[in-house]
1. Which one of these is within 30 Å of Thr43 (Cβ to Cβ) and modelled with pLDDT of 90 or more: Leu159, Leu111?
2. Can you find a residue that is surrounded by fewer than 15 Cβ atoms within 10 Å (Cβ to Cβ), within 26 Å of Ser193 (Cα to Cα), within 12 Å of the chain's Cα centre (by Cα) and in contact (Cβ under 8 Å) with a residue 40 or more places away in the chain anywhere in region 95-108?
3. Which of the residues that make up region 66-104 are under 17 Å from Gln138 (Cβ atoms) and among the aromatic types (Phe, Trp, Tyr)?
4. List pairs: first residue in region 40-65 and surrounded by 15 or more Cβ atoms within 10 Å (Cβ to Cβ), second residue of a type in the set (Asp, Glu) anywhere in the structure, Cβ distance under 8 angstrom, at least six positions apart or on different chains.
5. State whether the residues of region 126-134 include one that is of a type in the set (S, T, N, Q), under 17 Å from the mean Cα position of the chain (by Cα) and modelled with pLDDT under 95.
6. Please tell me if Thr130 is hydroxyl-bearing (Ser, Thr, Tyr) and outside the structural domain of Ile190 (by TED's automatic domain parsing).
7. Limited to region 14-34, what total is found for residues that are loosely packed, with under 14 Cβ neighbours inside 10 Å and either among the small types (Gly, Ala, Ser) or closer than 17 Å to Gly54 by Cβ (or both)?
8. Tell me which residues, restricted to region 26-72, are modelled with pLDDT of 90 or more and part of a loop (DSSP other than H, G, I, E, B).
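The values are calculated or read from the model by the stated rules, or taken from the named source; none is laboratory data. Every value quoted in this text rests on a predicted model; they were computed, and no experiment measured them. Here the Cβ positions follow ideal geometry from the backbone for every residue, glycine too, while neighbour counts run over all protein chains shown.
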Amino acid sequence: MVAEENLVGPGGGPPKERADAARNRTRVLAAAEELFSRRRPVTMEEIARAAGVGRGTLYRRYPDVASIAVALLDEHERQVQDRLIRGEPPLGPGAPPYERMAAFYAAMVGLLERHGHLALGAEIGRARFTTGAYGFWQAHVRALLAEAGAPEVDALTDLLLAPVAPEVYDYQRHQRGLSPEQITAGLSRIARSLLP
């Protein structure tokens, strides 16, 4: 028996998703989004039950809760990435490094404010460093540091990303009670001090 992901569809591309598989995927992602929004740990069993699918169906596509959160978060992160590459300054190209970094921080605060519950399910601890999104953010911040002529670019890159880790943002918002505006202002000060 050939694994589904090894099949080739017409024209050499991936096979078209079956209608029932597409319906199941949609139900799983909708159920998971709802469960994650309650800001508590979520289990695969809860997602399967809420989606009305069997655990085997769920595990066939998603090996764990984090992979479901990644699938949900991916589209939101791609939108920010597109704005970094093709958007208007200061988030997009054309502004000085400090302004772009401050705009990047503001965009990350917006992303975490709206979708932090997903990031907490997908990008905490060591898992954060293995996502494609983190690699993209890392390359962007490193390029801004290099453009600004900052010293110790490699050491500073991850340090500048640490304040927008999902668990840090969640702690500041929900334990310390800081507003998104307060967090953004603090992050802008970091950008101003390190990117002359």
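1. Leu111
2. Looking through region 95-108, none of the residues is surrounded by fewer than 15 Cβ atoms within 10 Å (Cβ to Cβ), within 26 Å of Ser193 (Cα to Cα), within 12 Å of the chain's Cα centre (by Cα) and in contact (Cβ under 8 Å) with a residue 40 or more places away in the chain.
3. Within region 66-104, just Phe104 meets the criteria.
4. Final answer for the pair search is Met44/Asp64; Ala50/Glu34.
5. The answer is yes, given that some residue of region 126-134 is of a type in the set (S, T, N, Q), under 17 Å from the mean Cα position of the chain (by Cα) and modelled with pLDDT under 95.
6. Taking the combined requirement at face value, the residue does not satisfy it.
7. Adding up the residues that qualify gives 7.
8. Those that are modelled with pLDDT of 90 or more and part of a loop (DSSP other than H, G, I, E, B): Thr43, Gly52, Val53, Gly54, Tyr62, Pro63, Asp64.
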